[in-house]
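Any read-out appearing in this document is the output of simple, stated calculations on the displayed coordinates, not a laboratory observation. Just so you know, these numbers come straight off a predicted model, no measurement behind them. Don't worry about glycine lacking a Cβ; one is built from the backbone with ideal geometry, like all the others, and counts go over all protein chains shown.
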Amino acid sequence: MELDLTDEGKGLPPGTLEWDGGSAENLSIGIAGMRARASRLGGQMSIGSGPDGTTLHVAIPITAAA
């Protein structure tokens, strides 16, 4: 399953999406939490941002029940 959400805002402030993998110092708690939840489900979450808005992409594998 994949989900894309896009807004037409001003984008995120510089440095908001930077993460070194060990420290979430510059990363919003909300963004870190969404990434952690996607990861726990075997998926991935990414965010792209620019002056014309921000896009959130989430991909989570769905498997058939046994």
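For this structure, a couple of remarks:
- Working ranking of peptides 30-39, 6-15 by packing, defined as the average number of other Cβ atoms within 10 Å per residue, highest first, is 30-39, 6-15.
- Summing charges over all other residues whose Cβ lies under 10 Å from the Cβ of L56, with Lys and Arg as +1 and Asp and Glu as -1, gives -2.
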